[in-house]
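No lab work stands behind these numbers, since they all come straight from the coordinates. Not measured: the values here are computed from a predicted model. Don't worry about glycine lacking a Cβ; one is built from the backbone with ideal geometry, like all the others, and counts go over all protein chains shown.
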Amino acid sequence: MAVLLIAEHNNKELRPFTLNAASAASQIDSDVHAVIIGQNSAEATKKLSELPVVKKVLSVEAAHYENFTAENYAPVIVKLAENYSHIVCSANTFGKNLMPRIAAHLDTSQVSDIIKVISPDTFLRPIYAGNAFATIKSNDAKKCVTIRPTSFDPCESTGGSAQIEKIEASEEFSNTKFIKREEIKSDRPELGTARIVVSGGRGMQSGDNFKLITEIADKLGAAIGASRAAVDAGYISNDHQVGQTGKVVVPDLYIAIGISGAIQHLAGMKESKVIVAINKDGEAPIFSVADYGLEADLFEAIPQFMEELNKLNTIQK
Amino acid sequence: MKILVAVKRVIDYNVQIRIKEDGSGVVTDNVKMSTNPPDDNAIEEAVKIKEAGKATEVVAITVGEEKAQETVRKALAVGADRGIHVKVDGILEPLAVSKILQKIVDKEKPDLVFMGKQAIDDDCNQTGQMLSALLNWPQATFASKIDVNDNKLEVTREIDEGLETIEINVPAIVTCDLRLNEPRYASLPNIMKAKKKPIEEIAASDLGVDISPRLKQLKVEEPPKRKAGIKVANVAELVQKLKNEAKVI
């Protein structure tokens, strides 16, 4: 039986992690169908049909799908499930919110946040904030799987031409009403997909001082991250939080400034390709995962860092 | 309004976990255990709602072995009125826990069920959503702000793109984010008082639900270690290394 991928989108475009989830789905079985649930979502539906790994697209539009509420999404997918062996989506806030609702309806034990497909019924997933890896075999007939997007490369986004089939809408769930979404707009790359992330911690001492992080991020074309301590202290908004309860990032370069490296923070960044830590406490746990550690006062080091960057002829973006 | 709050006993968030030599799991014997951190936020929020005169009773529930009762006792010490302990040995999957909670909801008929958004041991992030599916109730996950207005809740949710606000009708499930509030500490007199509050014990086997595992944990292992890094002497050396050795800038 085929695998059903749930597309995440904003009605115009696919959200980037849909490509990572599609790639994970294709590792489970080459026969991947994708369902897109939205309103006036023809554009996003077309893009979904162009993913070469997707063999068939199922599309449904209705006003009550405009804001992607799990209570409205779940019945559509549950109805489709009989034709599929697996249901797959990303383990970001979209998939975390949605998939368990589907799994419970199907009486299936979900496998959350996998980082590797070992076989169609066996998966690797981090537990305890990534301090252990568990190999999990599912004995359920239908498998509900969310994938850690940063652990799977995005699939090709063009070249395919899957057939698009319209399906029927389910009844509206009237006890949940969408009010508003406040998206933080930024010209910067998204934290979850950025090639470089510059993060600040409690060592920044104030929200104002995060300007120093911003300058470096601008120079490097990087996204801005933060530790939970910095978020809790009110220096920066929560959508920047990296860690067990924030975002998991796997950039080519992660620069941790004034971050001590609590277990919960390391869980969100320690798979980064190259890690730099700047901290005045030489014993800080962040140094245990850093490829390059600099023991220094960040208020001296950051201006020097900018100066050195300015000396470079070229900076990769 | 009656609020049921589910709490889980987990290895304390400050403990560096150890993996059993035979790869069968994580060492929990003689390890400091605590309430799952966002479950503390769930209790705090329920107690605050009651203190604001918008709820009449807060009931704390846990599902687990004998010692899991400590988490209920702690909830009672910070303001929950009474407790329920569904006793079961061994590790339960979120699907099983949600089926047990569904039975308790049928019996207790709360208007709201709160719990943390995720347990920091298995990091599954499923139970609240599964329970709301089984009950066909609205779900407000990852809540960082809750306003109670009669029989409606306005909830602000932490999502990847920023914040989302939804309005849900009770009865409803809310899973709590760490930013929802600042959990209080229990005072000594309240800890003493909590010892007198009732905790009802129920055997999971008496609830008539299938809690058999569907997943098999084949192996638990250490994640690959990063190779040791180096300390650089100054910023110039750092930038030179990033440019010429790591080739990332």
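What to note about this one:
- Percent antiparallel among DSSP beta bridges (both partners in chain B, rounded to 5): 40 percent
- Computed over the range A:2-166, the ratio Rg/Rh where both radii use C-alpha atoms and Rh is Kirkwood: 0.94
- Take every pair of alpha-carbon atoms less than 8 Å apart whose residues are at least six positions apart; their mean separation over the length of the range A:196-311 yields a relative contact order of 23 percent.
- Where a label projected 7 Å from the Cα of A:Ser186 along Cα→Cβ would reach, residues of the range A:197-211 with amide N under 14 Å: A:197-201, A:210-211
- Calculated FRET value between B:Ser187 and B:Thr56, using beta carbons and R₀ = 25 Å, to 0.05: 0.60
- If you plug the beta carbon distance of B:Glu65 and A:Thr122 into 1/(1 + (r/R0)^6) with R0 = 22 Å, you get a FRET efficiency near 0.20.
- Label sites at B:Lys145 and B:Ala246, each approximated as a point 7 angstrom past Cα along Cα to Cβ, lie 3.7 nm apart.
- Taken as Cα centroids, the range A:233-291 and the range A:182-227 sit 12 Å apart, rounded to the nearest whole angstrom.
- Only helices enter the 222 nm calculation for chain B: every DSSP H run of n ≥ 4 contributes -39,500 (n - 2.57), and dividing by all residues gives -7000 deg cm²/dmol, rounded to 500.
- Within the straight-line cut-off of under 12 Å between alpha carbons, the aspartates and glutamates reachable from A:Lys46 are A:Glu13, A:Glu165, sequence neighbours fewer than 8 places apart in one chain being disregarded.
- Inter-label distance, A:Met1 to A:Glu283: 5.6 nm, where each label sits 7 Å from its Cα along the C-beta direction.
- Shown here for the range A:165-213: trypsin sites (Lys or Arg not before Pro) in loop regions (DSSP other than H, G, I, E, B) with at most 11 other Cβ atoms within 10 Å, namely A:Lys185.
- Length available on full extension from A:Ala63 to A:Glu172: 0.36 nm per residue minus the Cα-Cα distance, which gives 38.3 nm.
- Leading residue at positive end of dipole, chain A (Cβ point charges), from A:Ala290, A:Ile236, A:Ile263: A:Ile263
- Filtered GluC sites (Glu not before Pro), the range B:1-63: DSSP coil and at most 13 other beta carbons within 10 Å: B:Glu21
- Considering only A:Tyr128, A:Leu106, A:Gln39, and ranking their Cα positions along the charge dipole of the range A:2-166 that arises from unit charges at the beta-carbon of Lys, Arg, Asp and Glu, the one farthest toward the positive end is A:Tyr128.
- About the Cα centre, charge dipole magnitude for the protein assembly as shown (Lys/Arg +1, Asp/Glu -1 at Cβ), debye: 560 debye
- Qualifying aspartates and glutamates (Cα of each under 14 Å from Cα of A:Lys311; at least 8 residues distant if same chain): B:Glu237
- Remark: relative contact order (chain A) = 14 percent; criterion is Cα-Cα distance under 8 angstrom and separation of 6 or more residues.
- Förster-model FRET efficiency, 30 Å R0, A:Ser161 and A:Arg195, C-beta, rounded to 0.05: 0.50
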